[in-house]
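The values are calculated or read from the model by the stated rules, or taken from the named source; none is laboratory data. Note that the structure is a prediction, hence the values are computed from the model and not measured. So basically every Cβ, Gly included, is an ideal-geometry build from the backbone, and we count neighbours across all protein chains shown.
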Amino acid sequence: MQTKTPKIAEYLSLFVMTCFTILAIYNKQISVFYIIYLFWCDEFLKTLFDRLRYHFKKDKLQNATNYLSNTKSRLFMLMVYLVFIIVCFGLMLDWNNTDLVLGNFEVFFFKNPLFNFSLVTFLLREVYLYANDYSYLTPHHLLSSGIITLHVSLVLGITLSFLIKKEFMVFENYTAIIAIIPFLILKVFFEVQEIKYNSKEKEK
């Protein structure tokens, strides 16, 4: 029973995030920057809580030295990704359209309600998992499903920018579905695989 509750919390967070993303598509309040930055924030929160576990739950760590090293490596990679996401997806791809750039920065500065609601679900998930750690802990791997999703999303985003001539940020039509759905499918697929894997590891 103990392994099922964290598993349910992770699935619930993923489901709510998916619902908010679909709602953002429906309301035309989404962009590739929105979805990739959302994925980045998810991985950042996971890494942040891994670091908190290192400081406050060190007795539950399987290998504290490797745990800290892995967390630092993830954080460094995420910072590199953040610069790339802001410069490339937040500015360069939409440089000729002021409205699109402003929309991206509304997301970046947490002024997009649907984006913020999704972040809250991630935060609540991590707080719950942190409060209910019950076995020896391992950090999120440097090449975890979330990081792989983020990396593939960056490559896919650049590719789509050359294949699709229309803007990614679309307030006047529904081509956002074409641009965003592949990212959402990637996220759901890799997250489900990670949840299943983590659940099996905790049952050992």
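Before moving on, here are some points about what is shown:
- Boolean, Asp59 is of a type in the set (D, E, K, R) and closer than 22 Å to Tyr130 by Cβ: yes
- Filter result for Leu114 (assigned to a helix (DSSP H, G or I), crowded, with 17+ Cβ neighbours inside 10 Å and at pLDDT below 90): no
- The set of residues in segment 79-117 being within 20 Å of Leu150 (Cβ to Cβ) and touching an Asp or Glu at 6+ places or on another chain (Cβ under 6 Å) consists of Asn112 alone.
- Evaluation of Glu43 against (1) outside any helix (DSSP H, G or I); (2) within 18 Å of Glu194 (Cβ to Cβ); (3) of a type outside the set (Val, Ile, Thr) (one fails), failing number: (1)
- Members of segment 68-117 that are of a type in the set (Phe, Trp, Tyr) and under 13 Å from Tyr34 (Cβ atoms): Phe89, Phe105, Phe108, Phe109, Phe110, Phe115, Phe117
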